[in-house]
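Below: one structure, written as structure tokens.
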Amino acid sequence: MEPVIEVRDLRRDYVTSKGLLRRKTQTVRAVDGVSFTVERGEIFGMLGQNGAGKTTTIKMLITLLAPTSGVCRVLGCDTFGQEKQIRPRINFIFGGEMGVYRRLSARDNLKYFGNLYGVPPRLRDERIEEILRLVDLEEAADRLAETYSKGMLQRLQIARGLINDPEIVFMDEPTVGLDPLGAHMLRDIIRRLRDAGKTVLLTTHYLPEAEELCDRMVILNRGKIAASGTPAQIRGAEETMEDAYLRLIREVEV
């Protein structure tokens, strides 16, 4: 079966310049030869510290950045050149509290984003009720989002990311800033998405979360893959995930 995400020898360079009279340019390689595949219906993780290349990689996958070189395909289409075939079939969820309108209720937020995606009104309203139940916001659906806690706002973001019924859901640090209860609820929702047949790709630097959720993962460091596989394959028999992560990062840096 063809993977729903295929990344092969992917690179992304940023060119920066400095100086007023004699400007000097410098090329920074944020992603350096990354390769992996994601199968339909799995939770796939990208781990790494800040600056490892996680967000740059995910931006290329969701068609916001063009690769410098390499293969970057989602649902059988190139992310640069075939964006229109990809965008209606995916969605992206930010970490933190951005991405929804706080002066609107949850229901009105979902109606607004459903209209942006061109979801027919009757189907939109049915889908909104299903999604509100999934993210446990039924009772608060008509309250303004500005009255929500951080965890409720993040669950609303997940709801917003599901309004177009995407085949793949991309999540960038979805539990950042949440208390333990809010993070636990969010991880439960992510598992339910997989059970519903969705493919989930998430970035995180929280190792227990990745080990608990991910079917497979890659560990990135300085734009390169330090390791890939299932959590059990990545850590040694006598290692914790944290021990394995630190060992792999040191090996790459050496």
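The values are calculated or read from the model by the stated rules, or taken from the named source; none is laboratory data. None of these values were measured; they are calculated from a predicted model. Don't worry about glycine lacking a Cβ; one is built from the backbone with ideal geometry, like all the others, and counts go over all protein chains shown.
Given the criteria in contact (Cβ under 8 Å) with a residue 12 or more places away in the chain, part of a loop (DSSP other than H, G, I, E, B) and farther than 27 Å from Asp215 by Cβ, does Val119 qualify?
Yes, satisfied.
Test Gly48 against the stated conditions and say whether it is within 23 Å of Val176 (Cβ to Cβ) and either in contact (Cβ under 8 Å) with a residue 12 or more places away in the chain or within 21 Å of the chain's Cα centre (by Cα) (or both).
yes
Taking region 36-94, which residues are more than 14 Å from Glu167 (Cβ to Cβ), touching a Cys at 6+ places or on another chain (Cβ under 7 Å) and assigned to a helix (DSSP H, G or I)?
Hit for region 36-94 is Met60, nothing else.
Taking region 122-144, which residues are surrounded by fewer than 21 Cβ atoms within 10 Å (Cβ to Cβ) and either assigned to a helix (DSSP H, G or I) or of a type in the set (S, T, N, Q) (or both)?
Arg122, Leu123, Arg124, Asp125, Glu126, Arg127, Glu129, Glu130, Leu132, Arg133, Leu134
Is it true that Val15 is aliphatic (A, V, I, L, M) and modelled with pLDDT of 95 or more?
No, not satisfied.
Looking at region 233-241, can you tell me whether even one residue there is among the charged types (D, E, K, R), touching a helix residue (DSSP H, G or I) at 6+ places or on another chain (Cβ under 7 Å), crowded, with 16+ Cβ neighbours inside 10 Å and part of a loop (DSSP other than H, G, I, E, B)?
For region 233-241, residues among the charged types (D, E, K, R), touching a helix residue (DSSP H, G or I) at 6+ places or on another chain (Cβ under 7 Å), crowded, with 16+ Cβ neighbours inside 10 Å and part of a loop (DSSP other than H, G, I, E, B): present.
Where residues in region 103-116 are basic (Lys, Arg) and either within 24 Å of the chain's Cα centre (by Cα) or part of a helix (DSSP H, G or I) (or both), which of them is farthest from Glu138 (Cα to Cα)?
Going through the qualifying residues, I end up with Lys111.
Looking at Thr79, is it surrounded by fewer than 20 Cβ atoms within 10 Å (Cβ to Cβ) and either in contact with a Phe, Trp or Tyr (Cβ under 6 Å, 6 or more places away or on another chain) or over 30 Å from Pro208 (Cβ atoms) (or both)?
no
Of the residues in region 155-194, how many are closer than 19 Å to Leu132 by Cα, at pLDDT below 90 and not in a helix (DSSP H, G or I)?
2
For region 57-73, state whether one or more residues are among the basic types (Lys, Arg), within 30 Å of His205 (Cα to Cα) and within 21 Å of the chain's Cα centre (by Cα).
Scanning region 57-73 turns up at least one residue that is among the basic types (Lys, Arg), within 30 Å of His205 (Cα to Cα) and within 21 Å of the chain's Cα centre (by Cα).
For (1) in contact with a Gly (Cβ under 7 Å, 6 or more places away or on another chain); (2) buried (at least 19 other Cβ atoms within 10 Å of the Cβ); (3) more than 26 Å from Asp13 (Cα to Cα); (4) aromatic (Phe, Trp, Tyr), each residue gets a yes or a no:
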position: Gly161; (1), (2), (3), (4): no, yes, yes, no
position: Glu167; (1), (2), (3), (4): no, no, yes, no
position: Asp172; (1), (2), (3), (4): yes, yes, no, no
position: Val176; (1), (2), (3), (4): yes, no, yes, no
position: Gly182; (1), (2), (3), (4): yes, no, yes, no
position: Ile190; (1), (2), (3), (4): no, yes, yes, no
position: Asn221; (1), (2), (3), (4): yes, yes, no, no
